[in-house]
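Let me begin by presenting the structure, written as structure tokens, before commenting on it.
The values are calculated or read from the model by the stated rules, or taken from the named source; none is laboratory data. Predicted model, so just to flag it, every value in this text is computed and none were measured. All Cβ positions, even for glycine, are placed from backbone atoms using ideal geometry, and neighbour counts span all protein chains on display.
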Amino acid sequence: MIVNKDVRISLIRMISTVMVVVLHIFQQLENTFGNLHYFTDWLNLGLVMFFCISGFLYSNREIKEIYKWLKHRYYEISLPAVVVSILTIIVFTFIGDISLKKVLAAIFSGLGGEAFLKDSWMFIQLWFLTYILVFYFTLPLIQKINCKCKSDVKFWIFFILFLGLGQILFLTIDIPLSFGVLIRAYIPYFLFKRYNIDSNKTTKIMICLSMLSVIAIIITIFVRYIYIIGSLSEIIFIYTQTLSGCVLFFWLYRFFDKVKNYNTLLKISDRYSYNIYLTHCLFIGYNTSLIKICDNIFVGIILALVLTGISSVAVRYIVIGLKKIKRIGN
């Protein structure tokens, strides 16, 4: 057991990683099993919880050396992504399906610009990188908002105005990002900065949000699968996912309250979960999916998972090597 290690966060991180990988496996099986898209829509809550983890962890931290912190966070999150992008370029060079445009797009994605690309080629999973970097770079600003000294009424007025005005701003100036996705980090940040996540008051608030989430899910199921109302269906779906993911994060955190043992499995998850997220799509998603290439889909799934694991380990050690070279150079 590691001192001061929040085992609950490690457990949620592991569950989220599994959900995202299973999501993309199911997407590859939709042609064979047609109804799987009903599950894939909601397995995406795993990715929402990744945002929630960041929002929650920074809700009780104060960033003092802002430039140093931003530089460190950007370096830590983008370096593995750039390594994965370069490795993928090398693979596709041997396959023969590469061009200068794809190379530039790959590097741009690895540096955090994926969400701004119209043609994402192989790196659509890196949209997460763009959004989490936006959260990190705005964090020094929003941490100046003193949520704890305001009354509950003022806090909720501020919270609702933040969500409403933010969405209007994003729609008005046509920002190429989804505000409904971006707030997946901001909602837990503000909520758990204001309220202690383990308090009874927070539980009551989350019960109310859970009831609202159930209502939102019912509405979403109707407008997404039964009576589709164009782009509005997608907006409702995104916000429902955001709310439901935040609620799921909270209840999992409280459910694992008694878990204290930081075991080997959790250590592996903490060490490799991000790399798994970065590498798994190369073997599970898109036109390189082994699930599609292999005659037996179950063999394809096993091979994809094994190669994802190997690639994740390789990326980790490449990153460690690059950091050592950088230290020697300094």
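Things worth noting here:
- Top-ranked residue in region 180-212 [being outside any helix (DSSP H, G or I) and not small (G, A, S); ranked as farthest from F256 (Cα to Cα)]: Y195
- Condition check for G285: surrounded by 20 or more Cβ atoms within 10 Å (Cβ to Cβ), of a type outside the set (S, T, N, Q), at pLDDT below 85 and under 19 Å from the mean Cα position of the chain (by Cα): yes
- Being within 24 Å of the chain's Cα centre (by Cα) and modelled with pLDDT of 90 or more is a property that does not hold for L177.
- Scanning region 26-38 for residues that are under 21 Å from F237 (Cα atoms) and in contact (Cβ under 8 Å) with a residue 12 or more places away in the chain turns up F26, Q27, Y38.
- The condition of being out of contact with any Pro (no Cβ under 8 Å at 6 or more places or on another chain), modelled with pLDDT of 85 or more and at negative phi holds for only one of F249, F237, that being F237.
- Any hit, region 223-233, residues being closer than 25 Å to I132 by Cβ and surrounded by 15 or more Cβ atoms within 10 Å (Cβ to Cβ): no
- Residue in region 49-70 that is polar (S, T, N, Q), closer than 30 Å to L252 by Cβ and assigned to a helix (DSSP H, G or I) present: yes
- Search result, residues across region 45-66 that are surrounded by fewer than 17 Cβ atoms within 10 Å (Cβ to Cβ) and either basic (K, R) or closer than 22 Å to T130 by Cβ (or both): L57, R61, I63, K64, I66
- Number of positions in region 275-299 that are without any contact (Cβ under 8 Å) to a residue 24 or more places away in the chain and farther than 26 Å from I107 by Cα: 6
- Residue within region 292-302 that is at pLDDT 85 or above, touching a helix residue (DSSP H, G or I) at 6+ places or on another chain (Cβ under 7 Å) and under 22 Å from V83 (Cβ atoms) present: no
- Among the residues of region 256-268, those that are under 30 Å from V214 (Cα atoms) and surrounded by 13 or more Cβ atoms within 10 Å (Cβ to Cβ) comprise F256, V259.
- Matching residues, region 225-242, being touching a residue at least 60 places away in the same chain (Cβ under 8 Å) and either within 21 Å of M49 (Cβ to Cβ) or of a type in the set (G, A, S) (or both): F237, I238, Q241, T242
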